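Right, one structure below, let's go through it.
Derivation of every value follows stated rules applied to the coordinates shown; laboratory data play no part. All of these numbers come straight from a predicted model, not from anything done at the bench. Backbone-built Cβ (ideal geometry, glycine too); neighbour counts: all protein chains shown.
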Amino acid sequence: SAVISQKPSRDICQRGTSLTIQCQVDSQVTMMFWYRQQPGQSLTLIATANQGSEATYESGFVIDKFPISRPNLTFSTLTVSNMSPEDSSIYLCSVRTGEYDTQYFGPGTRLTVL
Amino acid sequence: KQEVTQIPAALSVPEGENLVLNCSFTDSAIYNLQWFRQDPGKGLTSLLLIQSSQREQTSGRLNASLDKSSGRSTLYIAASQPGDSATYLCAVLNTGGFKTIFGAGTRLFVKA
């Protein structure tokens, strides 16, 4: 299994500012995933972060808006840049690991942009 | 392109009732299927994972089944309790794929 922690757990931010979300895993993993969950919606994959290479972004998400770092096999950050109220969501860090590629999620970061 | 659908979108049952949540997928070439629980404003908790070669998995009051040929999975919850109230999501990982496809979830409310 994998235990994932995220910081901060929630934040309220002003329009135009940026927030960096941290994700720490208790074991080494190759790929880390960042998801967004808008109110009342299911999960949308933002990007996949591999250690030592640039993140791979899904359609509709760009590096300038959501820069990602992956400095080692247990840690990643997602920055939400130049925020607007439309960025208000829960942001979730996730990994797949183990013999059966079980997916695990962090507790999420609840972001509100005013 | 894999699509995952969950029916019903919402369900309200009295405490003690046995219930079934449904998940369907369009591409049978799956590597695994996973059921998650999400409480409001929280992350997802893995409940059960069924490998492609398996037919079902059980954990406590939960039983998940998989029928690849028909593109269906069910999550059976026995003797439901108010603490089971949450959103349940089904997710599929395709063979050779790296991206998990999620259903929209079923919001369950168990009345005391």
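Where strands (runs of 3 or more DSSP E) fall entirely within region B:6-75, those with at least 3 residues that are within 13 Å of chain A (Cβ to nearest Cβ) are at B:30-38, B:44-51. Filtering region B:2-23 for residues that are in contact with an Asp or Glu (Cβ under 6 Å, 6 or more places away or on another chain) and under 25 Å from A:Ala2 (Cβ atoms) leaves a non-empty set. Comparison of B:Ser69, B:Ser53, B:Ser28, B:Ser65 shows that the only residue that is over 30 Å from A:Thr109 (Cβ atoms) and under 10 Å from the mean Cα position of the chain (by Cα) is B:Ser65. Checking each residue in region B:18-47 for being over 25 Å from A:Pro39 (Cα atoms) and buried (at least 20 other Cβ atoms within 10 Å of the Cβ) picks out B:Ile30, B:Asn32. Note on region B:63-108: among residues that are within 11 Å of B:Leu19 (Cβ to Cβ) and not aliphatic (A, V, I, L, M), the one that is surrounded by the fewest Cβ atoms within 10 Å (Cβ to Cβ) is B:Tyr76. Just one of the listed residues (A:Asp101, A:Asp26, A:Asp87) is more than 13 Å from chain B (Cβ to nearest Cβ), without any contact (Cβ under 8 Å) to a residue 60 or more places away in the chain, surrounded by fewer than 20 Cβ atoms within 10 Å (Cβ to Cβ) and charged (D, E, K, R), and it is A:Asp26. A:Ser59 satisfies every condition listed in (1) surrounded by fewer than 16 Cβ atoms within 10 Å (Cβ to Cβ); (2) more than 14 Å from chain B (Cβ to nearest Cβ) except (2).
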